[in-house]
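The block underneath contains the structure these notes are about, expressed in structure tokens.
Computed from the coordinates by the stated procedures, all read-outs in this text should not be read as laboratory data. All values derive from a computational prediction rather than experimental measurement. Quick reminder, even Gly has a Cβ in these numbers, built from the backbone with ideal geometry, and neighbours come from all protein chains shown.
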């Protein structure tokens, strides 16, 4: 395993019905390919040794004997391979025939799992040939000179990874065996299947597999029969699907006429992190303990990476943009509207800088007012020009306020800040932290006092990324009466404002989007442009949001986060730059908890929030290595 990943594959061989020797050759060829590509777990379809569609040929001794010979050949071919292989075959035990999954590695059969639920409706007739798992009382079977554990109560341990096995129909029933396997510790669930194709069925199947992986906080490896199966009455398209905790991460080409090997990595660390956080996960564990068998585990430092790592994990997929943005805006507006109605405030007061965060906050305020049926004039947008305010941001702030029809005030902070410098004996030409924070606190004082004056509620504009980095002045812009953006990271703020600009083709919003992020607390350049650019100081927000997501959501180690960042941003930043800003993130994140420990209320929007009353409880004086 590399950084907690295990490389898995679903193999769809081309088969010939009842031609076991041919099928064994196809299976062993794919096994060799998988080994060469450092696959650790490889699944074949249901009854892949014989083909699924043998029908009454399953009653022929000749077929069953040939299947055993083919299994022997597969075992011999696996002797020098490290990959764990799961193949499907019919197995006669006494006077009964079972549909089984054989788990093997290095010439040894580790376990044989019989199918629990046999479909016997519509186009399926399995009870005609096979006995269900419940019909057997044996715990081991003697096959090809090996004593092999047999039953549905078997798990395979491969180092830190535990495999559970089920077969086709087992997934489609109300209580799949994989649920109990997961509750017993299996984090990689493997399904050997033979699902025929019907119009519309594939979409349901994909949802089913994704949901089962989500329900069990597991990876689900699914391999289904393909080309070569009999088309007497139905068609098999070779579905290979690999899901991880609700998301499909790899799939085959449907209707392929050739063999396929679908390879990807499963983030087993992430799955175990999810289970550790879900304290109810193991509540319904079956009282009967499962038997466990051990596979040979060796650290596989596989080369390359099949998965694509999203550089912007907080940002919704493009094809879900409208739905996601509408939902996020609605969550923010609903939280604010509830607080506004509860407090019976006469107004909402917020500072408008011409930057992204205050723009999003104002848009949310407008939506809340509209939903409550309140006059937009009850929203008071205040511009507070300071020493670093540029014409561009000032003009955008005023234009935005007027375009939305909300109340407007302009209150300069320059004279008040100069007076304060004089009062505390600070040289105004020294542009240090006192110089900057004086302005931030003066702006907050104005907002709070205007709120008192108008019976209002101060709406905070700071976002989740700023909270993570502590990029806020304590008791300055750090404080408000309700922080509508506190659950929205900077990359998502930009995405939401961009979406809003497209709804009304707003030139103002587009210019705000193209303006560098800045607190504008230092004087502008000689040409009147912004001199203080946040991302030049603390680093790119897209990197910090990436670090934040994997630190909080899954608790990944810095080494693993670096590995993922190198995959996600390989075309954007070199390793030295990523390491530099990761160090900055860690230093700031752990040192700035005291600001988060007393942050205002605000709505949780996504999977991560830093509220001390919600997702994140951390001592302010914690140390890191």
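Some points to look at:
- Shape analysis of region 5-294 places it in the rounded category; the axes a ≥ b ≥ c from the Cα gyration tensor give an a/c below 1.5.
- Cα gyration tensor shape of region 259-315, rounded if a/c is under 1.5, else prolate or oblate by comparing a/b with b/c: oblate
- Between helix 414-424 and the chain there is an angle of about 80 degrees, using the helix long axis and the longest principal axis of the Cα atoms.
- Modelled FRET efficiency - R0 41 Å, residue 452 with residue 574, Cβ distances, 0.05 increments: 0.20
- Based on C-alpha pairs under 8 angstrom that are at least 6 apart in sequence, region 5-294 has a relative contact order of 21 percent.
- Rounded to the nearest 500, the helix-only mean residue ellipticity at 222 nm of the chain stands at -11500 deg cm²/dmol, with each DSSP H run of n ≥ 4 adding -39,500 (n - 2.57).
- Label selected from (i) 1.04; (ii) 1.44; (iii) 1.21, the criterion being Cα Rg over 2.2 N^0.38 Å as computed here: (iii)
- Contour minus Cα-Cα distance for residue 310 and residue 503 (0.36 nm per residue): 66.9 nm
- Relative contact order (%) - the chain, alpha-carbon pairs under 8 angstrom, separation at least six: 11 percent
- Going from the fewest other Cβ atoms within 10 Å to the most, the residues 365, 79, 54, 20 appear in the order 79, 54, 20, 365.
- Nearest-ten-degree value, helix 433-454 long axis tilted from longest Cα axis of the chain: 80 degrees
- Relative contact order, percent, region 384-478 [alpha-carbon distance under 8 Å, six or more residues apart]: 25 percent
- Cα gyration tensor shape for region 24-80, rounded if a/c is under 1.5, else prolate or oblate: prolate
- Span from the region 453-530 Cα centroid across to the region 540-605 one, whole angstrom: 19 Å
- The ranking of 84, 577, 167 by Cβ neighbour count inside 10 Å, starting from the fewest, reads 577, 84, 167.
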